[in-house]
Amino acid sequence: MFYTVPRVRDLTHPKLLYFKAGLFLLSGVLAAAALVLEHPEFRTILLLSLAIWCFARCYYFAFYVIQHYIDPSYRFSGLWSFLAYCWRRRSS
């Protein structure tokens, strides 16, 4: 007996997309604030800021730089898509 999982549709409603982005922002701010409150040192704030900036630049690279400067024919749909793209390019 097989059970098929219904396919989940992409979220496309603009208000829900903004709400989702707001939740991500709120979660990040709360996590960063909790870390800084637990270790209120300049070094913690500096390293946390550097980590956030580096991850943001890596994300920008994965979704903008590659699409616009390296391979204009490829469209990424997520980080797993990016990893699969890198793996295929490495294999060939």
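Structure notes:
- Two-decimal ratio, the stretch 14-91, of alpha-carbon radius of gyration to 2.2 N^0.38 Å: 1.43
- Rh (Kirkwood; distinct C-alpha pairs) - the stretch 48-87, Å: 10.7 Å
- Per-residue [θ]222 nm for the chain (sum of -39500 (n - 2.57) over DSSP H runs n ≥ 4, rounded to 500): -21000 deg cm²/dmol
- FRET efficiency for the VAL8 to ILE52 pair, using the beta carbon distance and R₀ = 22 Å, is estimated at 0.15.
- Other residues whose C-beta falls under 13 angstrom from the C-beta of TYR85 contribute a net charge of +3, scoring Lys and Arg +1 and Asp and Glu -1.
- Judged by the mean number of other Cβ atoms found within 10 Å, the most tightly packed of the peptides 10-17, 60-67 leads the ranking 60-67, 10-17.
- Helices of the chain meeting both criteria, an alpha-carbon length of 30 angstrom or more along the long axis and an average Kyte-Doolittle score not below 1.0, with helices taken as full DSSP H segments, are 14-38.
Rule-based calculations on the coordinates, nothing more; no lab input. Keep in mind that this is a model prediction, so the values were computed, not measured. Note that we place each Cβ from the backbone using ideal geometry, even for glycine, and neighbour counts take in every protein chain shown.
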